[in-house]
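Written below as structure tokens is the structure these notes are about.
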Amino acid sequence: MNVSLLYIEDDAEIGEWVCRDLTERGYQVDWQRSGERAAELAANCKLVILDVMLPGLDGFTVGQRLKKAYPELPILMLSARTSIDDKLEGLQFADDYLTKPFHPDELAARIEVLLRRSGSVASDVLELKHLSVYERENRIENRETGEEIILTGKQYQIFKFMLRHLGQILTKEQIYEGVWGEPYFDGDKTLMVHIRYLREKLERDPAAPEIIETIRGVGYRIKA
Amino acid sequence: MKTGKSGKFRGSLLSRYLLIMIIALLFIPVVFPAALIGYQFVNLNIIDPLYPAEPEQENPYASLRLERTWHQEAKRLKDKTPAQIDARLKELSQKYDKAAVFWVDGQGNLREPGGSKLDLPKQWGASDAMAFMKKYRESYGKFTVVAFIGDAESLGKGFMVIEVPKAVQSPRSDPLSGRTSYIVYLLILLMFLAFIAVSWMFFVNMRRRLLHLQHAMTVQGENGLPEPIQVKREDEIGQLENAFNGMVAKLGRSLKREREEEELRKRLIANLSHDLRTPLTVIRGHVHTLQKEPLSDRGQEMLKLTESKLGDLGGLIDNLLSYNLLTSGRYTLQPVQADVLRIVRESAAAWYPLWEKEGFEVDVSLQEEPLWWLVDIQWFRRILDNLFQNVLRHAHSGLYIGIATETDEGRTAIVISDRGQGMQSSSGGKGAGIGLAIVGFLTREMGLSMLIESSSQGTRVLLYPAGPNKPGLMIK
């Protein structure tokens, strides 16, 4: 994969461990002890992992500056502070937030989601059950039949939105608001209809969907 | 203190009010004489110059002057013949043309050299003189001077009389008397109006300042407190304004102190959190690394347990610190109308992978219609997180979580149920206390009620908007 990440952490032990863990997972990690050189180093990386409590410039300030300079660059905040005040303040610019002590798998999963969302790791092909999704070419192929699946505009938008949150459960409100960009009103069946059509095109058996999973009472998920 | 008070008496409202009351009481005894004095003043200085009559001493009809002159003339006529007396009296009657002049000679003959102006007998006896004198005394409108020729009765040369109407003597008094009362009334009216105006202004001024003060109390400045006001007068309202300013300053100071304390506490908690979590993270990192080492199954299991306890400890620290901040009143909730079912779904979506991993049966059956409650969204999530966490930690054996809405007596509750061993029994994962304490506190703060039904078959937690006089937390 060889995606480069900028990791800013002042604690030596944590830094060393995270650095090693992420390197093992195939990332190229540039670990900095302070945020002073963050702006110049961020130019060459795909994602920034930022600790909140840093000597000198604190994580929030560094993050806000980075976001201003590179609005597209995803920032993942790590905090040892309690969720009480940081979450509000931190998430205003940060794309995600993780509280210490975190599980390395959790960190890796969040990084993956962020990279996918920003389009940095749109791998050439994503294999989903019987489908091959070529995200860059906006092409979906059924490997079993070798046919290309053609989706309408909205269907494709919904599918793409869910792919960006691969593995995450999305509520119908989240999907609707993410795709349509308007507040969801209860009782609106539009999304259900679109998902039914989407399934008819994607699924082997639309009555027992494998790609777009229904989480009863909660929402939908495309499992990686 | 007393001297200070009496020193301020001069400028006080009380003194001004008393002054007005005294003026009101003294209205009759003071204002009427004052009006008369005012009239005199007006009369002398304004009206007199408008009627430039001859001065008093030059009025030949003035009583004393006339009397003196008449007696002098009579003396001078002592040795004169009746013809000469006639001639002189004629001159005099021409000089005093407004008066009637006649004389009676030694023989009692009436002589009127200046012409007849009065109805008099031609021949005067002693009785006639008496009758004339009587008539003269009875007449108020006339002034009469009688002098014997030679100014002595003994000469027997008769007497001379001059009779002047009183009006001629002081020519201005009569035409002015009507105007006098008019001016006095006008002055009294003016003073009365002035009194009303002064009392009105006194009251209006007081009212205006009180309203100003009231306005200043209701208007909020930038820090949420009223601004101090400028004290212009040191009377009672001025003192009130001073007291108000003092109060505002005190409030401002205590607010500042409170904010500083809040800031200090937040910083302390943040530092504490950081200091506790950093080593936990390091431990977790080492545990994770250790798991990759070749270990016995037992070793692996112990590491797994250690890892889960580390996660619990992290959550516990967060709850503990949050609880500290919340209950110390250093954190205020921001309730908004929100569809809580949406929040429940989003929260469940976040927890779902964990339940799935642990092999839980997840049963979510929420009503389709939104459920609008007045909640602080962030803290409502915290409530759910804590409840879900409790299920995972303490009701793991049931391998079930149910999230549902139930409507009873028109009230809709969110019900989170598990099939664990219940709260009374030991679930192997103690420490639900702090999490539940936070949930209890938050539900109370948001006006929600929480009912916990726990048995050995499982636990049901019901969340619903609190009715009046209902406790926030009930455990069955």
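If you take the residues of region B:277-310 that are surrounded by fewer than 18 Cβ atoms within 10 Å (Cβ to Cβ) and small (Gly, Ala, Ser), which of them is farthest from A:Asp51 (Cα to Cα)?
Among residues in region B:277-310 that are surrounded by fewer than 18 Cβ atoms within 10 Å (Cβ to Cβ) and small (Gly, Ala, Ser), the one farthest from A:Asp51 (Cα to Cα) is B:Ser296.
Need pairs with beta-carbon distance below 9 Å; first residue under 17 Å from B:Lys157 (Cα atoms) and within region B:115-135, second surrounded by 11 or more Cβ atoms within 10 Å (Cβ to Cβ) and modelled with pLDDT under 80; sequence gap 6+ or separate chains.
Here the result reads B:Trp124/B:Phe132; B:Asp128/B:Leu120; B:Asp128/B:Pro121, each pair linking region B:115-135 to a residue that is surrounded by 11 or more Cβ atoms within 10 Å (Cβ to Cβ) and modelled with pLDDT under 80.
So how many residues does region A:62-72 have that are surrounded by fewer than 14 Cβ atoms within 10 Å (Cβ to Cβ) and closer than 16 Å to A:Leu6 by Cα?
So the answer is 3.
Against the conditions (1) out of contact with any Asp or Glu (no Cβ under 8 Å at 6 or more places or on another chain); (2) part of a loop (DSSP other than H, G, I, E, B), where does B:Leu89 fall short? Just the number, please.
(2)
Looking at region B:370-378, is at least one residue over 30 Å from B:Arg419 (Cβ atoms), part of a strand (DSSP E or B) and either modelled with pLDDT of 90 or more or more than 9 Å from chain A (Cβ to nearest Cβ) (or both)?
yes
Suppose we filter region B:330-340 for residues that are part of a helix (DSSP H, G or I) and at the interface with chain A (Cβ under 9 Å from one of its Cβ atoms); how many remain?
Selection size over region B:330-340: 0.
Please pick out the residue among B:Ala349, B:Ala404 that is within 12 Å of chain A (Cβ to nearest Cβ), buried (at least 19 other Cβ atoms within 10 Å of the Cβ) and either hydrophobic (A, V, I, L, M, F, W, C) or outside any helix (DSSP H, G or I) (or both).
The conditions single out B:Ala349.
Looking at A:Glu147, A:Glu135, A:Glu173, can you tell me which residue is more than 21 Å from the chain's Cα centre (by Cα) and of a type in the set (Asp, Glu)?
None of the other options fit; the residue is A:Glu147.
Return the only residue of B:Ala413, B:Ala437 being touching a residue at least 24 places away in the same chain (Cβ under 8 Å), on the phi < 0 side of the Ramachandran plot, away from chain A (no Cβ under 14 Å) and not in a strand (DSSP E or B).
Only one candidate passes the filter, namely B:Ala437.
Of the residues that sit in region A:143-162 and are touching a strand residue (DSSP E or B) at 6+ places or on another chain (Cβ under 6 Å) and not in a loop (DSSP other than H, G, I, E, B), which one is farthest from the other protein chains (Cβ to nearest Cβ)?
A:Glu148
If you scan region B:314-346, which residues turn out to be hydrophobic (A, V, I, L, M, F, W, C) and either surrounded by fewer than 18 Cβ atoms within 10 Å (Cβ to Cβ) or out of contact with any helix residue (DSSP H, G or I) (no Cβ under 9 Å at 6 or more places or on another chain) (or both)?
B:Leu316, B:Leu333, B:Val336, B:Ala338, B:Leu341 - these are the residues of region B:314-346 that are hydrophobic (A, V, I, L, M, F, W, C) and either surrounded by fewer than 18 Cβ atoms within 10 Å (Cβ to Cβ) or out of contact with any helix residue (DSSP H, G or I) (no Cβ under 9 Å at 6 or more places or on another chain) (or both).
Which one of the conditions (1) away from every other protein chain (no Cβ under 12 Å); (2) closer than 24 Å to B:Ile414 by Cα does B:Pro294 fail to meet, given that it meets all the rest?
(2)
Out of the residues in region B:111-128 that are out of contact with any Phe, Trp or Tyr (no Cβ under 6 Å at 6 or more places or on another chain) and buried (at least 17 other Cβ atoms within 10 Å of the Cβ), which is farthest from B:Glu163 (Cα to Cα)?
Looking at residues that are out of contact with any Phe, Trp or Tyr (no Cβ under 6 Å at 6 or more places or on another chain) and buried (at least 17 other Cβ atoms within 10 Å of the Cβ), I get B:Trp124.
In region B:198-211, what count of residues is obtained for those that are surrounded by fewer than 14 Cβ atoms within 10 Å (Cβ to Cβ) and free of Cβ contacts under 8 Å to residues at least 24 places away in the same chain?
Qualifying residue count, region B:198-211: 7.
Write out, first by first residue and then by second, each pair whose Cβ atoms fall under 8 Å of each other, whose residues are 6+ apart or on separate chains, and whose first residue, in region A:138-158, is assigned by TED's automatic domain parsing to the domain that holds A:Leu191 while the second is exposed (fewer than 12 other Cβ atoms within 10 Å of the Cβ) and in a loop (DSSP other than H, G, I, E, B).
A:Tyr156/A:Asn138
Out of (1) farther than 20 Å from B:Leu436 by Cα; (2) within 10 Å of another protein chain (Cβ to nearest Cβ); (3) not in a strand (DSSP E or B), what's the single condition that is false for B:Gly359?
Of everything listed in (1) farther than 20 Å from B:Leu436 by Cα; (2) within 10 Å of another protein chain (Cβ to nearest Cβ); (3) not in a strand (DSSP E or B), B:Gly359 misses just condition (2).
Looking only at region A:94-112, which residues are among the basic types (Lys, Arg) and over 17 Å from A:Val3 (Cα atoms)?
Correct list: A:Lys100 only.
Please specify each residue of region B:242-265 satisfying the condition of being exposed (fewer than 11 other Cβ atoms within 10 Å of the Cβ) and within 14 Å of another protein chain (Cβ to nearest Cβ).
Listed by number, the list is empty, since nothing qualifies.
Can B:Lys95 be described as under 20 Å from B:Gln72 (Cβ atoms), crowded, with 18+ Cβ neighbours inside 10 Å and of a type outside the set (S, T, N, Q)?
No.
Within the bounds of region A:182-205, is there any residue that is in a loop (DSSP other than H, G, I, E, B), within 14 Å of another protein chain (Cβ to nearest Cβ), over 22 Å from A:Leu114 (Cβ atoms) and among the hydroxyl-bearing types (Ser, Thr, Tyr)?
Yes, because at least one residue in region A:182-205 is in a loop (DSSP other than H, G, I, E, B), within 14 Å of another protein chain (Cβ to nearest Cβ), over 22 Å from A:Leu114 (Cβ atoms) and among the hydroxyl-bearing types (Ser, Thr, Tyr).
Yes/no matrix, rows are residues, columns are (1) among the charged types (D, E, K, R); (2) in contact with a strand residue (DSSP E or B) (Cβ under 8 Å, 6 or more places away or on another chain); (3) not assigned by TED's automatic domain parsing to the domain that holds B:Leu374:
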{"position": "B:Val248", "(1), (2), (3)": "no, no, yes"}
{"position": "B:Arg265", "(1), (2), (3)": "yes, no, yes"}
{"position": "B:Val287", "(1), (2), (3)": "no, no, yes"}
{"position": "B:Ser296", "(1), (2), (3)": "no, no, yes"}
{"position": "B:Leu313", "(1), (2), (3)": "no, no, yes"}
{"position": "B:Gln337", "(1), (2), (3)": "no, yes, no"}
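Could you check region B:188-224 and list, in sequence order, the residues that are within 17 Å of the chain's Cα centre (by Cα) and outside any helix (DSSP H, G or I)?
Selection gives B:Val219 alone.
Among the residues that make up region B:266-276, is at least one of them surrounded by fewer than 18 Cβ atoms within 10 Å (Cβ to Cβ), free of Cβ contacts under 8 Å to residues at least 60 places away in the same chain and touching a helix residue (DSSP H, G or I) at 6+ places or on another chain (Cβ under 6 Å)?
no
Please state which of the following conditions B:Lys430 fails to meet, knowing it meets all the rest: (1) more than 55 Å from the chain's Cα centre (by Cα); (2) at pLDDT 85 or above; (3) surrounded by fewer than 17 Cβ atoms within 10 Å (Cβ to Cβ).
(2)
Yes/no matrix, rows are residues, columns are (1) within 26 Å of A:Asp58 (Cβ to Cβ); (2) assigned to a helix (DSSP H, G or I); (3) in contact with a Lys or Arg (Cβ under 9 Å, 6 or more places away or on another chain):
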residue: B:Glu227; (1), (2), (3): no, no, no
residue: B:Arg233; (1), (2), (3): no, no, yes
residue: B:Ile237; (1), (2), (3): no, yes, yes
residue: B:Phe244; (1), (2), (3): no, yes, no
residue: B:Val248; (1), (2), (3): no, yes, no
residue: B:Gly252; (1), (2), (3): no, yes, no
residue: B:Leu255; (1), (2), (3): no, yes, no
residue: B:Ile269; (1), (2), (3): yes, yes, yes
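The values are calculated or read from the model by the stated rules, or taken from the named source; none is laboratory data. Quantities reported herein were computed from a predicted structural model and do not represent experimental measurements. Positions of Cβ are backbone-derived with ideal geometry, glycine not excepted, and every protein chain shown enters the neighbour counts.
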